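Working notes for the structure below.
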Amino acid sequence: MENTSPSEASPEEARRWKPQDVSAMNIQTEQDPRFLTPQLAQLRVFGLALSDPMRVLILGLLAEEERPLYGQEIAEQLGVTAQTISHHLQILKNGGLVREERRKNAFRFYTLDTANIHKIRETFFADDHLGLQTKQETRQRIVEIFFQEGRLLSIPNQHSKRRIILEELIHKFEWGRIYSEAEVNTLLKDVYDDVSSLRRYLVDEHFMLREHGRYWLLRPHDSHE
């Protein structure tokens, strides 16, 4: 199957052809010095490959079938012409998302290029490249916001943040020791004045057990982290 130029495209294909699709965008970005590095050039091609809904449908079909598909088969399942599919498959190949395999019967079969997709993800979209905070960094940030000089400024309303605060508080208690309510109050008073709320949250969130006015940790500290 050959690629179709805008002048040769059918009315259906012409509607799909966008100025930025292939040639125009290639010329524009190749002349832009910001795209001269190999990584940015690769990212540009990858972004172009995902910029059209039909190409996303092709990727979805290949992922769903989990077997090689030939161009005409893809075209029939998506209800478009073989020329349209050929055009989009070429862009997906250039973007490193699809592999082409020619067989003896002259059909070209296509599969997801999973190895290269994983490589692209590690190169551009891993957490450290995106600047995303790790779980530990997020936790530390919340602790810094709600504690000042060892005192709790307020009890967070958001459940996930409140659990992080409670996980910090249980380090004031020893694993295996049973505390009276007065002892619990004394330890919590060093941190926050509303000790009754803290006691209730520690029990309700299953950090501590309470029975007949006695309190103890439900599990060792490390089990919460």
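The values are calculated or read from the model by the stated rules, or taken from the named source; none is laboratory data. Nothing here was measured: the structure is a model prediction, and the numbers come from that model. With ideal geometry, Cβ positions are generated from the backbone for all residues, glycine too; neighbour counts draw on all protein chains shown.
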Looking at the structure I just gave you, is residue 160 in the same structural domain as residue 220 (by TED's automatic domain parsing), outside any helix (DSSP H, G or I) and farther than 16 Å from residue 217 by Cα? no
Quickly run through the range 170-192 and pick out the residues that are part of a loop (DSSP other than H, G, I, E, B), touching a Leu at 6+ places or on another chain (Cβ under 9 Å) and under 11 Å from residue 152 (Cβ atoms). 191, 192
Just checking, does the range 159-170 include any residue being closer than 30 Å to residue 122 by Cβ and free of Cβ contacts under 8 Å to residues at least 12 places away in the same chain? yes
Which members of the range 175-189 meet the condition of being farther than 18 Å from residue 205 by Cα and either modelled with pLDDT under 95 or of a type in the set (D, E, K, R) (or both)? 176, 177, 183, 189
Scanning for something assigned to a strand (DSSP E or B), in the same structural domain as residue 61 (by TED's automatic domain parsing) and over 28 Å from the mean Cα position of the chain (by Cα), does the range 148-156 turn up at least one residue? no
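Table: residues versus (1) surrounded by fewer than 17 Cβ atoms within 10 Å (Cβ to Cβ); (2) more than 40 Å from the chain's Cα centre (by Cα); (3) assigned by TED's automatic domain parsing to the domain that holds residue 148; (4) among the hydroxyl-bearing types (Ser, Thr, Tyr).
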| position | (1), (2), (3), (4) |
| --- | --- |
| 167 | yes, no, yes, no |
| 170 | no, no, yes, no |
| 179 | no, yes, yes, yes |
| 200 | yes, no, yes, no |
| 215 | no, yes, yes, yes |
Run residue 138 past the list (1) surrounded by 11 or more Cβ atoms within 10 Å (Cβ to Cβ); (2) modelled with pLDDT of 85 or more; (3) farther than 30 Å from residue 44 by Cα and report the number of the one that doesn't hold. (2)
